[in-house]
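J.: Below you'll find the structure I mean.
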Amino acid sequence: MTSTGVAIALALFAMAVFSIVRDRYMGFFAKLAWILVAFVLPIIGPILWFTIGKRYSYGPSGGNG
């Protein structure tokens, strides 16, 4: 892996871990599991977190309204 690839993988991992830790809807063990997934799968793990793991709020109330 080139140095650019390593930098991208580290940046994705850091952003994912920051997002996982800040998620207030998940418990400790779920957060730990997602961090392990992001660590074991350096590129795919963070992408999985942002596509299927993270809950996005819509609007100021967190709902669609």
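The values are calculated or read from the model by the stated rules, or taken from the named source; none is laboratory data. From a predicted model like this one, the values you see are computed outputs, not experimental measurements. Counting neighbours? That spans all protein chains shown, and the Cβs are built from the backbone with ideal geometry, glycine included. Surface areas here come from the heavy atoms of the whole protein model, side chains and all, with no ligands, DNA or RNA. Shrake-Rupley method; radii C 1.70, N 1.55, O 1.52, S 1.80 Å.
J.: Would you call Phe50 at pLDDT below 95, open to solvent by 50 Å² or more (accessible area, probe 1.4 Å) and within 8 Å of the chain's Cα centre (by Cα)?
T.: Working: at pLDDT below 95: yes; open to solvent by 50 Å² or more (accessible area, probe 1.4 Å): yes; within 8 Å of the chain's Cα centre (by Cα): yes.
The answer is yes for Phe50.
J.: Restricting to region 21-47, and then to whatever is part of a loop (DSSP other than H, G, I, E, B) and touching a helix residue (DSSP H, G or I) at 6+ places or on another chain (Cβ under 9 Å), can you tell me which residue is least open to solvent (accessible area, probe 1.4 Å)? Steps first, answer last, please.
T.: Taking region 21-47 and keeping what is part of a loop (DSSP other than H, G, I, E, B), we get 23-27, 41-43.
Checking which are touching a helix residue (DSSP H, G or I) at 6+ places or on another chain (Cβ under 9 Å) leaves us with 23, 26, 41-43.
On the way: Asp23: 15, Met26: 35, Leu41: 74, Pro42: 65, Ile43: 60 Å².
Per the stated criteria, the residue is Asp23.
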